[in-house]
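The values are calculated or read from the model by the stated rules, or taken from the named source; none is laboratory data. On a predicted model such as this, the values are computed, not experimentally measured, just so you know. Glycine gets a Cβ as well: all are built from the backbone with ideal geometry, and neighbour counts include every protein chain shown. Just so you know, the surface numbers come from the protein's heavy atoms only, side chains and all, with ligands and any DNA or RNA stripped out. Shrake-Rupley method; radii C 1.70, N 1.55, O 1.52, S 1.80 Å.
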Amino acid sequence: MTSPASTDKASDAPLCSSLLVVGGGIMGQGIARLFAGAGIRVTLVEPREITFSHPGVRTTRLLPPEMLPDLVIEAVFEDLKVKQGVYADIEAAYGGRPALATNTSGLPLDDLAAPLRHPARFLAMHFFQPADVFPMIEVVRATQTEDSAVATAVAAVTQARRDPILLERPINGYLINRLQHSILHEAYHLLESGIATAEMIDNVAKKLLGPRMCITGLLEQKDLAGLEMHAQAQRSIVPTLSHTGVPNAYLQDMVARGDVGIRSGRGFYDWRNRDGAATQRRASDRLQRLLAYLEKDAAE
């Protein structure tokens, strides 16, 4: 899935031969599968008992003191103090030898790095779920990240035949989540205001926005259509969008009352009489088929 351009850029990067994933949840397991499939020696650390087995992945409950990993990827709960506690344990075990990457999707990188003894080795590697399916991974520098840490992360990404999205300075949410949350914030506003239902919003995303973005992205499509009309539409539409600057109350209230999706049986949809796990599996399978088709189509 790696483009020729991204492969050339990473050709001088050192190989990543050993990798440690800390956090054995769904995301951590996907990360472990991805890199094991690339021939990298992977150890997955999870203190809880988990039923996970995959070729090339060793599981353990504690950081293995005999290991000298090239790269450590943290994929634990999205809590600043929890993550910083994990980093302290990693630095105590391995010092500043490995590059240390967080998979955080929203916590500020420089805040996470503040107590580190080796902040130059710290950066972000942001995976989208399923981590072993999507063809791109964000690699993001913190303020003090050194080139060799970035080179190790990029090497691991390209060895896994994925494209690195390299951001040279930290920005909260990185690239993908900033784009995604801009759309979602407006979608929640339309839902909360009674302008559109969840089904309407999802149908537009699946049948109109999604297919078009698969082919021409966001900005190329506007070039093709002509920027004059787009600029005129911006003058009319942008002032009416939801620019609250705070998390959407509709979503926050849902979570506060326990409506968190398939795990609770209710979210934007009622899942109580539906097989949510089977829906997840079908979605993952369809996504893999779609990505394979798009890759083949782009090569023709």
Looking only at the range 21-58, which residues are farther than 15 Å from Val86 by Cβ, assigned to a strand (DSSP E or B), of a type in the set (A, V, I, L, M) and open to solvent by 10 Å² or more (accessible area, probe 1.4 Å)? Val57
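Quick one: count up the residues across the range 152-172 that are within 14 Å of the chain's Cα centre (by Cα) and surrounded by fewer than 16 Cβ atoms within 10 Å (Cβ to Cβ). Don't jump to the end; show me each part of the working.
First pass over the range 152-172, keeping only residues within 14 Å of the chain's Cα centre (by Cα): 157, 162-167, 172.
Now restrict to residues that are surrounded by fewer than 16 Cβ atoms within 10 Å (Cβ to Cβ): 172.
Here the count works out to 1.
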Tell me, yes or no, whether the range 50-68 has at least one residue that is within 21 Å of the chain's Cα centre (by Cα), under 25 Å from Gly95 (Cβ atoms) and not aliphatic (A, V, I, L, M). no
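Residues are listed down the side, and each one gets a yes or a no for (1) aromatic (Phe, Trp, Tyr); (2) more than 19 Å from Tyr188 (Cβ to Cβ):
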position: Leu227; (1), (2): no, yes
position: His230; (1), (2): no, yes
position: Arg235; (1), (2): no, yes
position: Ala256; (1), (2): no, no
position: Gly261; (1), (2): no, no
position: Phe268; (1), (2): yes, no
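Do we have any residue at all in the range 107-126 that's outside any strand (DSSP E or B) and basic (Lys, Arg)? Outline the logic, then answer.
Within the range 107-126, the first condition is being outside any strand (DSSP E or B), and the residues that meet it are 107-121.
Cutting the leftovers down to basic (Lys, Arg) gives us 117, 121.
Among the residues of the range 107-126, at least one is outside any strand (DSSP E or B) and basic (Lys, Arg), which makes the answer yes.
Check Val154, Val140 and return the single one that is more than 30 Å from Thr244 (Cβ to Cβ) and either modelled with pLDDT of 95 or more or out of contact with any strand residue (DSSP E or B) (no Cβ under 6 Å at 6 or more places or on another chain) (or both). Step through it out loud before you land on a result.
Values: Val140 fails: more than 30 Å from Thr244 (Cβ to Cβ).
None of the others qualify; the one that does is Val154.
Filter the range 222-245 down to residues that are polar (S, T, N, Q) and under 28 Å from the mean Cα position of the chain (by Cα) and give me whichever is most open to solvent (accessible area, probe 1.4 Å). Working first, answer last.
Going through the range 222-245, the residues polar (S, T, N, Q) turn out to be 232, 234, 236, 240, 242, 244.
If we keep only those that are under 28 Å from the mean Cα position of the chain (by Cα) too, we end up with 242, 244.
On the way: Ser242: 24, Thr244: 78 Å².
Here the residue is Thr244.
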Which of (1) open to solvent by 80 Å² or more (accessible area, probe 1.4 Å); (2) assigned to a loop (DSSP other than H, G, I, E, B) does Asp259 not meet, given it meets every other one? (1)
If we ask which residues in the range 59-70 are aliphatic (A, V, I, L, M) and closer than 20 Å to Lys83 by Cβ, their number turns out to be 2
Qualifying positions in the range 136-151 - under 15 Å from Leu175 (Cα atoms) and more than 11 Å from the chain's Cα centre (by Cα): Val140, Arg141, Ala142
Residue by residue through the range 262-276, note down the ones that are in a loop (DSSP other than H, G, I, E, B), under 21 Å from Thr197 (Cα atoms) and either out of contact with any Phe, Trp or Tyr (no Cβ under 6 Å at 6 or more places or on another chain) or open to solvent by 90 Å² or more (accessible area, probe 1.4 Å) (or both). Ser264, Gly267, Phe268, Tyr269, Trp271, Arg272, Asn273, Arg274
Arg61 - would you say it is touching an Asp or Glu at 6+ places or on another chain (Cβ under 8 Å) and more than 21 Å from Ala155 (Cα to Cα)? yes
Quick one: in the range 107-144, which of the residues that are within 21 Å of Ile40 (Cβ to Cβ), free of Cβ contacts under 8 Å to residues at least 40 places away in the same chain and in contact with a Leu (Cβ under 8 Å, 6 or more places away or on another chain) is surrounded by the fewest Cβ atoms within 10 Å (Cβ to Cβ)? Glu138
Report every pair of residues separated by at least 6 positions or lying on different chains whose Cβ atoms are under 7 Å apart, first residue within the range 158-185 and farther than 26 Å from Asp202 by Cα, second part of a helix (DSSP H, G or I) and of a type in the set (S, T, N, Q). Thr158/Ser6; Thr158/Thr7; Asp163/Ser6; Pro164/Ser6; Pro164/Thr158
Before we move on, is Arg282 modelled with pLDDT of 95 or more, open to solvent by 90 Å² or more (accessible area, probe 1.4 Å) and part of a helix (DSSP H, G or I)? no
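Every residue in the range 80-106 that is part of a loop (DSSP other than H, G, I, E, B), surrounded by 15 or more Cβ atoms within 10 Å (Cβ to Cβ) and either basic (Lys, Arg) or under 17 Å from the mean Cα position of the chain (by Cα) (or both), please.
Hits for the range 80-106 are Asn103, Thr104, Ser105.
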